[in-house]
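Peer 1: Sharing a structure below in structure tokens format, with a few things to ask.
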Amino acid sequence: MCRVCRPRAADMCPPMPLVDPVLVLADEADDDVALAPATCELLTLARRVGTPVLVHCDHCRGAEEVIGIARDHLPRAILITSSAMNDRISAQVAVRLESAIVTDVTDIYFDRGLDRIVAISDRSSTEIHTHTAVITVRSRIHEPKREPLLPEADVVVAGGRGVGSAEGFSLLAQVARALGGCLGATRTAGELGWAPRHACINLPGAQIRPRLYLAGGVSGSVRHSAAIRGARTVVAIDSDPNAPILREADFGIVGDLHRILPALLDELAARAAASTPGSTSTTPEPAEA
Amino acid sequence: MLVRLIIGLAMTAVAFGLASRRILHLYRIGRLGQPTDPERTKAAGSRAWAVLSEVLAQRKLLKWTVAGAAHAAVFWGFLILGATILEGYGALFQRDFHIPLIGTDTWLGFLEDLFVVAVLCGLVVFSALRIRQSPERLGRSSRFSGSHLGAAWLVLFMIFNVMWTLLLYRGAQINTGYFPYAHGAFASEIAAHVLHPLGHTANDVLETVGILASLGVVLGFLVLVVNSKHLHIFLAPFNIAFSRRPRALGALLPVYSAGKEVDFEDPGEDDRIGRGAIEDFTWKGLLDFATCTECGRCQSQCPAWNTGKPLSPKLLIMGLRDHALAKAPYLLADSDDARAALPEAERAEGERALVGPVADGGVIDPDVLWSCVTCGACVEQCPVDIEHVDHIVDMRRYQVMIESEFPHEAQGMLRNLERKGDPWGRGSKARLEWARGLPFDVRVFGENGEESIPEDVEYLFWVGCAGSLDDNAKRTSRSVAELLHEAGVEFMILGSGETCTGDAARRLGQELLFQELAKQNVETLNEVGARKIVVTCAHCFNTLSNEYPQFGGNYEVVHHTELLARLVAEGELRPVNDLNLAVTYHDPCYLGRHNRVFSPPREILGSVPGVRLTEMPRNKERSFCCGAGGARMWMEETIGSRINETRTDEALGTEPDLVTAACPYCIVMLTDGVATRKQQGRAAENVRVTDVSEVLLRSIRKAPGDADE
Amino acid sequence: MRIIVLVKPGAELGDSDACAVEHALNIARRRMDVQVTLLTAGSADCVRSLRSALALGADDAVHVADDRISPYDALTLSRVYADVATDLGFDLVVCGRSADTPNLSLLPELVAARLATPVTAVSARSVPPRHPSFPAIAEARQKLISTRILPSNAAGAGAAFEPAITVRIRSSCPNTIIYSDPDPHAAAVRLVDFLAERRLA
């Protein structure tokens, strides 16, 4: 069940005691017809720890409005999608409410044993002690305006000797585009002419720190893994089950990347189509944490 | 008679005057340098022996047989023919002068003439060499490329002049009857025979002309010598006497300032770290530069120069020498006013940066400084014991620690060393991964609460960073562990107690970080009571045995090939399987040249049935570096061709099934090289690169059907 | 003029903090009479990162010594920083924006909200600032780090000394999931599920 509250009509919406309210800041892409996918995702998360209360705000006074509603409803959490605009609001709200703030969260659940909300990020899980918490949720990467540069990219899709050819690299480039990231290559692949020099990653070059590093056909020598140490999530695809990179990866696939990558592209396209606004989709009921 | 005496003495006075002025000037430049480290003036015995063997016996020169023999002839000629100079001066005063006691002995006359002929033959050889190996013909690959060729030819010409004027004088002397030697002086007798038809008067005149010409040429030569690279004839014995013994390889010295070791925790106000200007070098360094003969033997061996990089050890030393000479007026000026009064060019020289882009007036270009792999091939060859590697590292120390100017790629390696204790930043917990899955348990210090290494453990196995973190090197560690287990040798590893020995930091010039790592390791090793240590990495080997004593760490360090060779010789390890492989062996610089360990790896290969070893053209002391030394493993190679590929080609030239080495970095570089050549279709698919220990292991394993790794 | 640079707690100076110090020093170089003061809060090993930052060129540092403050508790850190900065007085506050450290990516905004002035956020560049020279390191040993202690029950600090959060760091890959399946489609589905779970696709 979802309660929608429009502050402009606040007087038509008297405060009702709600069980475990969780404020959800609506995405600016929402309109009167349908909710933006980002908002739906927040609502899904919110349901895991309480009753969602959707808040639509005017961004000029956003912080004040959220603070006002929070003081009325005393929510246990306030979920906000991370973005440049929203981050300022999140900070203001946290400071004014003296509530814990957890950022770049990918998942949350309620831990019955501890009687606390736990927020999950790539490399940490945070238990929240304060009554209210401001939780900024990582936004799924949508179409970027232009391909990011390797040193700054959030997503890097890289290939090595195992790719076998320049054609294989064009496949990797497509995957990079689908994930909103940029193409990378090991020094070997660069020397073999399969990828341009500026895409090469190795220890003598600059370190990269993407959120996601997807490696295809990269065996993963210690020198290469030193260069990608800053990556928060590593996915590796290699035909050799003993490739060192599979030990370093968070998720590994042993198989032929020339068949897996096209399948990956298909699956990504299928999910993207399924989640565009206007299409019906059922957000699956989350399991109990 | 009187006339010639006056002329002779006058010439002498002029020449000595000119020469002395020059020598005094050079001496004053030498005094500008810092005092040296205290070891330079100790161990008189070994220094005297070095002078005997390298100067008198021409040991290093004779490594190149033809040129060496010719040089020995000319060198000894100079010494022996000193007698003729004595005879010449004597004859100015008294026409029939002869050296007291032995001055008429047949053997002396014969010896003198023999060496006149020998010197002339030497000159022919030298000329032939210079023509055949001229830079005009061979370009960069000539060892004379960059040397002052005109000056060199002038020197040869002058020596020739000394010889023929001497023969002229002696021939005329025979014909006028004043020659001391009745028999034996065969060449002079031939000259006399040639001059005889001219008649007595002519010979009389020629005898005077000859003696003055002969002495004049010698004096002229003296002045030439002190004003050219030929000064080495006087300086070389001193340079050799004061060089590092037994050789300027192996350990690097700590940072010294004004003759005292710099304490990085409490540095003096005026401490100079490394070399930032020419006057920061010690007097020995300046002596090194002045002694250089421009022979180019170093240049011919340098892996950087031979792969198209701008670094040539010879050109480096010559550049520093020329800069010292050019900056001398600036440095010797005793006040700011005097400096301001100097000509423009001399003042400008004073403002040049020692290390900086040549386009901006720098003396040594950064590309030159950072291309060095510290392999020591230059030091090995130098006939006058110049210490190129020490000077390069000292310049690097200033660049890294004072200017913070160094290839930024190495920053990552330094940060990983600082934060995680290994160059790849994996962290100490990862150091135990290599031992997993071995058919026995590797004993780790501290597992059972040990406070010091148990009595029954014979060796501490220092695995090293590469040995525990690099996939290729881990195979070596495992092989060695299995072999030691097989031989019943009890060993233990420190596991996460190890931190990087710091070799790369020191070669890069980051002495502060090196000392922190070294002190940490020495503390650990001393605490656990380490006595005997076995290592697989040649760099760890060098640092632990030669450099850790500088920090109070004295251990008996043995390389794994030495230990395994001994175990095979004692029968503890029995290689039985016939491997039927064509093999070649690459001498790692830090094992071979720096530490003289050449035989043990070959003994191991020799003990394995079916291994056919073919040496590469450049092997043992002349081994060509793999390219990873000098911290270059962590830098990009952007200039010229790849050192590792060059060495790989040399290895592949022996048509091996297996390329072996005894150091993990060599193995990484050669493996990369072979993989690249395979991709280019220039190497057979079956060629592999492994450590020597793996070969031994394969021959020992009881079931030949063991799966390959 | 005084610039305060906020340094995140920890023994090692993070890249974004080093870039923040450099940014402050760039400003200082262009003007006369600028003092660059570092500020951090946390346990005793923070002093090491302060010394590194001082070696980069900062003038002095203030260390709020308190073991109770979690290095990932952005709320509490922002309050401590804001209180001390106000006490010291400043013309500009600079803070590194770290994407790597859990929860601290909004630290600049939090401090800005408390101080009601803009805080300059500096992101880590891919090429961090140069290693300091040895003379700078030696000089940094002499620079002043003054230590402050938070009172145990400061009035106005509210419920401050209860940590707002507890963070558990998950080590890199304890649970590598390796998937071997001859069917590429199935593998792709599992991969996209994994990515979706982490909000990466």
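Peer 1: Can you compute the charge dipole magnitude of the range C:2-160 about its Cα centre, using +1 on each Lys and Arg Cβ and -1 on each Asp and Glu Cβ, nothing else charged? Give it in debye, rounded to the nearest 20.
Peer 2: For the range C:2-160, the charge dipole is close to 280 debye.
Peer 1: What is the ratio of the Cα radius of gyration of the range B:291-355 to 2.2 N^0.38 Å, with N the residue count, to two decimals?
Peer 2: That ratio works out to 1.46.
Peer 1: Principal axes first, then extents: for the Cα atoms of chain C, list largest minus smallest coordinate on each axis, whole Å, largest first.
Peer 2: 68, 43, 29
Peer 1: While we're looking at this one, here's another question. Arrange the peptides C:100-111, B:675-686 so that the one whose residues have, on average, the most other Cβ atoms within 10 Å appears first.
Peer 2: C:100-111, B:675-686
Peer 1: Find which of A:Thr132, B:Ser145, B:Ser257 sits farthest along the positive direction of the dipole of the protein assembly as shown, computed with +1 on the beta-carbon of Lys and Arg, -1 on that of Asp and Glu, about the Cα centre.
Peer 2: Checked the options; the winner is B:Ser145.
Peer 1: What dipole magnitude, in Debye to the nearest 20, does the protein assembly as shown give about its Cα centre under +1 on Lys/Arg Cβ and -1 on Asp/Glu Cβ?
Peer 2: So the dipole magnitude of the protein assembly as shown works out to roughly 2180 debye.
Peer 1: Separate question: Viscosity 1.306 mPa s, temperature 10 °C: give me the Stokes-Einstein translational D for the range A:17-141 in µm²/s, with Rh taken as the Kirkwood radius over C-alpha pairs.
Peer 2: In µm²/s, the coefficient rounds to 112.
Peer 1: Quick one: work out the % antiparallel among DSSP beta bridges in chain B, nearest 5.
Peer 2: Antiparallel bridges: around 10 percent, rounded to the nearest 5.
Peer 1: What is the P(r) of the range C:77-153, as percent of Cα-Cα pairs per 5 Å bin from 0?
Peer 2: Calculated over all Cα pairs of the range C:77-153, the distribution is 3, 12, 18, 16, 18, 21, 10, 2, 0 percent.
Peer 1: Let me ask something else about it. Give the shape of the range A:218-272 as rounded, prolate or oblate, defined through the alpha-carbon gyration tensor: a ≥ b ≥ c are the square roots of its eigenvalues, a/c under 1.5 means rounded, and otherwise the shape is prolate if a/b is larger than b/c and oblate if not.
Peer 2: Oblate, since a/c reaches 1.5 and b/c is not below a/b.
Peer 1: Does the range A:150-274 come out rounded, prolate or oblate by the C-alpha gyration tensor, with a ≥ b ≥ c the root eigenvalues, rounded set by a/c under 1.5 and, if not, prolate when a/b is larger than b/c and oblate if not?
Peer 2: rounded
Peer 1: Which pairs break 21 Å Cα to Cα here: B:Lys42/B:Lys519; B:Lys429/C:Lys8; B:Lys60/B:Lys620; B:Lys60/B:Lys327; B:Lys60/B:Lys314?
Peer 2: Cα-Cα > 21 Å for B:Lys42/B:Lys519; B:Lys429/C:Lys8; B:Lys60/B:Lys327; rest within.
Peer 1: Still on this structure, I have one more. Can you tell me the 0 to 90 degree angle between the C-alpha axis of helix B:313-332 and the longest principal axis of chain B, rounded to 10?
Peer 2: Once rounded, the angle reads 60 degrees.
Peer 1: Continuing with the same structure: Just want the answer: with Cβ charges of +1 for Lys and Arg and -1 for Asp and Glu, which residue in B:Ile174, B:Met413, B:Pro617 is farthest toward the dipole's positive end in the protein assembly as shown?
Peer 2: About the Cα centre, the residue reaching furthest to the positive side is B:Ile174.
Peer 1: Per residue, how much space in cubic angstrom lies within the convex hull of the C-alpha atoms of chain B?
Peer 2: 193 Å³
Peer 1: Once the principal axes of the Cα atoms of the protein assembly as shown are found, what is the range along each, listed largest first in whole angstroms?
Peer 2: 141, 80, 59
Peer 1: Here's a follow-up. Straight-line reach from B:Lys309: which aspartates and glutamates have Cα under 16 Å away, leaving out those fewer than 8 places along the same chain?
Peer 2: B:Asp365, B:Asp367, B:Glu636, B:Glu637, B:Glu645
Peer 1: Could you pull out every one of the aspartates and glutamates with an alpha carbon less than 14 Å from that of B:Lys532, ignoring same-chain neighbours closer than 8 positions?
Peer 2: Filter leaves B:Glu455, B:Asp456, B:Glu458, B:Glu490, B:Glu556, B:Glu562.
Peer 1: Now for a different question. How many nm separate the modelled label positions at B:Arg59 and B:Ala10, each set 7 Å beyond the Cα in the direction of the Cβ?
Peer 2: About 4.9 nm, to one decimal.
Peer 1: Other chains' Cβ within 10 Å of A:216-224 residues: what's the mean?
Peer 2: That works out to 4 on average.
Peer 1: Shape of the range B:220-265 from its Cα gyration tensor (a ≥ b ≥ c, root eigenvalues): rounded if a/c is under 1.5, otherwise prolate when a/b > b/c, or oblate?
Peer 2: Prolate shape, in that a/c is at least 1.5 and a/b is the bigger ratio.
Peer 1: For the range B:462-563, take N as its residue count and report Rg(C-alpha) divided by 2.2 N^0.38 Å.
Peer 2: Computed over Cα atoms of the range B:462-563, the ratio equals 1.04.
Peer 1: Right, something else. If you count the DSSP beta bridges with both ends in the protein assembly as shown, what percent of them are antiparallel, to the nearest 5?
Peer 2: Among the beta bridges of the protein assembly as shown, antiparallel pairing accounts for roughly 15 percent.
Peer 1: How would you rank B:95-104, A:256-265, C:50-59, highest first, on the average number of other Cβ atoms within 10 Å across their residues?
Peer 2: Packing order, densest peptide first, comes out as C:50-59, A:256-265, B:95-104.
Peer 1: Here's something else I'd like to know. List the relative contact order of chain B as a percent without decimals, with contacts defined as Cα pairs under 8 Å and 6+ residues apart.
Peer 2: The value is 11 percent.
Peer 1: How large is the charge dipole for chain B, taken about the Cα centre, if only the Cβ atoms of Lys, Arg (+1) and Asp, Glu (-1) carry charge, to the nearest 20 debye?
Peer 2: Result for chain B is approximately 1940 debye, rounded to the nearest 20.
Peer 1: Please report, largest first and rounded to whole Å, the three semi-axes of the ellipsoid equivalent to the range A:74-199, where each semi-axis is the square root of five times an eigenvalue of the C-alpha gyration tensor.
Peer 2: Semi-axes (√(5λ), whole Å): 41, 16, 11.
Peer 1: Report, as an integer, the average count of C-beta atoms from other chains found within 10 Å of each Cβ along C:67-79.
Peer 2: That works out to 3 on average.
Peer 1: Compute the angle between helix B:186-195 and the longest alpha-carbon principal axis of chain B, please, reported from 0 to 90 degrees and rounded to the nearest 10.
Peer 2: 40 degrees
Peer 1: Under 4.7 Å Cβ to Cβ, no partner at all: give me those cysteines from chain B, in residue order.
Peer 2: Cys with no partner Cβ under 4.7 Å: B:Cys121, B:Cys292, B:Cys295, B:Cys302, B:Cys372, B:Cys382, B:Cys465, B:Cys500.
Peer 1: So what's the angle, to the nearest 10 degrees on a 0 to 90 scale, between helix C:46-56 and the longest Cα principal axis of chain C?
Peer 2: 70 degrees
Peer 1: Starting from the Kirkwood radius over alpha-carbon pairs of the range B:331-480, derive D by Stokes-Einstein at 10 °C in a medium of 1.306 mPa s and give it in µm² s⁻¹.
Peer 2: The diffusion coefficient I find is 77 µm²/s.
Peer 1: Rg to Rh ratio, the range B:584-709, alpha-carbon atoms and Kirkwood radius?
Peer 2: That ratio equals 0.97.
Peer 1: Give the lysines reachable from B:Lys678 as a straight Cα distance under 24 Å; neighbours fewer than 8 places away on the same chain don't count.
Peer 2: Within reach: B:Lys474.
Peer 1: Beta carbons within 10 angstrom, averaged per residue: use that to sort the peptides B:365-377, A:63-75, highest first.
Peer 2: B:365-377, A:63-75
Only the coordinates and a few stated rules stand behind these numbers; no lab work does. All values derive from a computational prediction rather than experimental measurement. Here the Cβ is made from the backbone with ideal geometry for all residues, glycine too, and neighbour counts use every protein chain on show.
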